[in-house]
Amino acid sequence: ITILKSNIDEFIIVIPSILSNLIPSANYLLDFIEKKQLNVNTHQLRLCIHEAILNAMEHAHLWKNEKKVTAKIKIDDNKIIIEITDEGIGLPHDKLKSPLKKNTSNYLSFRGRGLLIIRSFIDLINYDTDTKMLSMIKYFK
């Protein structure tokens, strides 16, 4: 795990797609957020960060350790911006649909719960297929 940037309002790390990197990388990111003592549920954020990095490693990179995940946290006046970027094949838009909505390709699938969890705890979520970046925004008071 390589730290690219660490300053007062931004933290960026690069993570090789190895399962043993998952928890330490999430810990680095959460430590940065927790030091700010923001009015936000860090347990929910930890789960969302964990799921987003795991999805990139597993689905985008197929556990190829030469592929890297870049995780960026930026703290603004009233929000936390979390960006997870991968080097993989991209996420098809039909996979972004909830597995609990009828008439979707992954309806009641055994997969897709990670994104469902992320959606329940994050205020805004966007996936850019061109940049292969998952953006998550969580507002705080």
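The values are calculated or read from the model by the stated rules, or taken from the named source; none is laboratory data. In this text the structure is predicted, and so the values were computed from the model without any measurement. All Cβ positions, glycine included, derive from the backbone under ideal geometry; neighbour counts span all protein chains shown. Surface areas here come from the heavy atoms of the whole protein model, side chains and all, with no ligands, DNA or RNA. Shrake-Rupley method; radii C 1.70, N 1.55, O 1.52, S 1.80 Å.
Could you tell me the calculated FRET efficiency between D31 and N65, based on Cβ-Cβ distance and R0 = 30 angstrom, to the nearest 0.05?
Efficiency for this residue pair is about 0.80.
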* Given H placed on each backbone N at 1.01 Å, which residues far from V69 in sequence or on other chains put an amide H within less than 5 Å of it? -> I15, S17
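Are there GluC sites (Glu not before Pro) in the range 22-72 that DSSP marks as loop and that have at most 11 other Cβ atoms within 10 Å, and which are they?
Those satisfying the criteria are E66.
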* **Rounded to whole Hz, the Karplus (6.51, -1.76, 1.60) HN-Hα couplings of the range 61-70, x for glycine and proline** => 9, 6, 6, 7, 5, 7, 7, 10, 10, 9
* If you place +1 on the Cβ of every Lys and Arg, -1 on the Cβ of every Asp and Glu, and leave all else neutral, what size is the dipole of the range 27-89 about its Cα centre, to the nearest 20 Debye? -> 120 debye
* To do: Could you tally the net charge around L134, taking each other residue with its Cβ under 9 Å from the Cβ of L134, Lys/Arg +1 and Asp/Glu -1?
  => -2
* Asked: Once you put a point 7 Å from the Cα of D9 and another 7 Å from the Cα of I23, both along the Cβ direction, what distance in nm separates them?
  -> 3.4 nm
* Asked: Along the range 126-141, what does the Karplus equation 6.51 cos²θ - 1.76 cosθ + 1.60 (θ = phi - 60°) give for ³J(HN,Hα), rounded to whole Hz, x for Gly and Pro?
  -> 8, 10, 9, 5, 6, 8, 6, 10, 8, 10, 10, 10, 10, 8, 9, 9
* Could you state how much accessible area I3 has, in square angstrom rounded to the nearest 10, with a 1.4 Å probe and all protein chains kept in place? => 90 Å²
* Carbon and sulfur %, accessible surface of the range 1-91 computed with the full protein complex present, 1.4 Å -> 52 percent
